[in-house]
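The values are calculated or read from the model by the stated rules, or taken from the named source; none is laboratory data. A quick note: this is a predicted structure, and the numbers were derived from the prediction, not measured. Cβ: placed from backbone, ideal geometry, glycine included. Neighbour counts: every protein chain shown.
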Amino acid sequence: MTPCAETPSFSGTSLWRHRDFRRYLTGQAASVAGSSITQMALPVLAVLHLDATTAQVAWLAFAGQLPPALLALHAGALADRHSKRRQMITGDVVGAAALATVPVSAALDTLTLTQLMTVAVVQGAASVLHDAAAISLLPGLVDRSLIQRGNSRVGALFAVAATAGSHLGAALTALLGPARALLGDIASYVISAVCTARIQSAEPVRVRVRARPKTPRLRADICEGLRYVRGDDRLWTLTLVNATTSFALGLLNTLWALYLLRSLAMSATAFGVVLGLGALGAAAGALTAPALARRYGPGPMMLTALAITPLTQLPLLVASPDSLAWQITIGAALFLQLACAGAAGTTQRSIRQMVTSGDMQARMQAVSTWLTSGARPVAALLAGGLGTWIGVRPTLTAGTFLLLVPLVVLARSPLRALQQMPDPPDATVQSYRT
């Protein structure tokens, strides 16, 4: 038994010189880039090679979104009970195996839409397993003083990796075809698994004061995680902020591309440039989050970011069609919006990780994932219904007003005045496993 205080400290070490953090970051960035390749190639494969209808493409997207809403809580409970690295590797292996069936079936001319939907579900479930463990691994990987900087690096690199993966997916689809383009994502699974396996830091295992049954039920662990989050005002507030933001953005994002390309007559090239500016904004916001939090305080900084976000939607709502000036303005607004999202998101995740005990990290994150993931499909359906009933622009206006909800939630919480990152929870006795 080794107390937590005796673990190696990296508080004075650069994250880039922290080998395990570099391995973690490399593997996760590869995973994000690979997922973007699949998000690009899979719909193309369904439409061009399987003649999928609009409804079938929508169902394919829905199949991929379903596992996080159904399995996030279970994946979080498993990650807190077992080795997080082992769960990450298992998710990578299952995801790679499922995805590998697609290019094989395409080569044999036996690929069907049913198989694609099945692969989307299995791959989504594998990603939930992997992500629940990966997000909660970071607080045990680096010293507490490096958590915010670590999340900053992760958020920035992920934004760049997602954009790079989308462009790579488009290039591979053009060069190799959509089925063989998926080999890029399969390779990313392998890279992620290898990097995770090479992480050497021991994982903390809590030893509880109260007696625990030898074979605890998964449901009991899930309920414990829900009570834990609900019982901490800070965690509950930030979870509600995440969920309400996700719902509003889910409604907006469902119709955003359609509105830009059709109603505002934006060209595909200009659309791609706007998306690229958004990715740069997300990276910039994540990188500057620690400095902004130190200067203005985490609470005021997050509150300001949430207040700016609805304002960034205004150029979209008042823009004129086929106007270069408005296209530039919309691109700048998206840069600012995602910069705010990157700064606020990095900070709130760091706060949640800092105030959560080691044995509850995965379940705490799983509750947030469950609510945010469950909000997106509902928001997408609502956007489709409202867009048909009242029109696209009024629906986008409604989504803009919904962005005020997370602002109100945070403004009504004592977190709005938080001037420094919070203290960790009371130390618990821990042992370590490899």
### Query
What number of residues in the stretch 159-190 are more than 30 Å from T346 (Cα to Cα) and either assigned to a helix (DSSP H, G or I) or acidic (D, E) (or both)?
11
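Please verify whether the stretch 361-381 includes one or more residues that are free of Cβ contacts under 8 Å to residues at least 24 places away in the same chain and surrounded by fewer than 18 Cβ atoms within 10 Å (Cβ to Cβ). Reasoning before the result, please.
Step one: list which residues in the stretch 361-381 are free of Cβ contacts under 8 Å to residues at least 24 places away in the same chain, which gives 381.
Right, trim to surrounded by fewer than 18 Cβ atoms within 10 Å (Cβ to Cβ) and you get 381.
Looking for residues that are free of Cβ contacts under 8 Å to residues at least 24 places away in the same chain and surrounded by fewer than 18 Cβ atoms within 10 Å (Cβ to Cβ), one finds at least one in the stretch 361-381, hence yes.
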### Query
Inside the stretch 232-269, can you point out the residues that are aromatic (F, W, Y) and at pLDDT 80 or above?
W236, F247, Y259
### Residue in the stretch 92-106 that is under 14 Å from T38 (Cβ atoms), among the charged types (D, E, K, R) and not assigned by TED's automatic domain parsing to the domain that holds G345 present
yes
### Message
Can you find, within the stretch 263-276, the residue that is surrounded by the fewest Cβ atoms within 10 Å (Cβ to Cβ) among those that are of a type outside the set (V, I, T) and without any contact (Cβ under 8 Å) to a residue 12 or more places away in the chain?
### Response
A268
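Of all residues being out of contact with any Leu (no Cβ under 9 Å at 6 or more places or on another chain) and surrounded by fewer than 21 Cβ atoms within 10 Å (Cβ to Cβ) in the stretch 142-162, which is modelled with the lowest pLDDT? Just the residue, please.
Our first condition is that a residue be out of contact with any Leu (no Cβ under 9 Å at 6 or more places or on another chain); within the stretch 142-162, this holds for 143-145, 148, 158, 161-162.
Those left that are additionally surrounded by fewer than 21 Cβ atoms within 10 Å (Cβ to Cβ): 143-145, 162.
Numbers: D143: 74, R144: 73, S145: 70, A162: 81.
Out of the qualifying residues, it is S145.
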### Task
Starting from the stretch 391-420, take each residue that is within 19 Å of N253 (Cβ to Cβ) and list its partners that are among the polar types (S, T, N, Q) and surrounded by fewer than 18 Cβ atoms within 10 Å (Cβ to Cβ), counting only C-beta distances under 8 angstrom and pairs at least six apart or across chains.
V392/S263; R393/S263
### Message
I'd like to check something: does the stretch 191-207 contain any residue that is at positive phi and more than 20 Å from the chain's Cα centre (by Cα)?
### Response
no
### Residue that is surrounded by the most Cβ atoms within 10 Å (Cβ to Cβ) [pool: residues in the stretch 1-23 that are modelled with pLDDT of 65 or more, in contact with a helix residue (DSSP H, G or I) (Cβ under 6 Å, 6 or more places away or on another chain) and not charged (D, E, K, R)]
F21
### Task
Please work out which one of (1) over 17 Å from the mean Cα position of the chain (by Cα); (2) closer than 24 Å to G358 by Cα; (3) surrounded by fewer than 23 Cβ atoms within 10 Å (Cβ to Cβ) is the condition A52 fails and give its number.
(2)
### Query
Within the stretch 85-123, how many residues turn out to be crowded, with 18+ Cβ neighbours inside 10 Å and of a type in the set (D, E)?
1
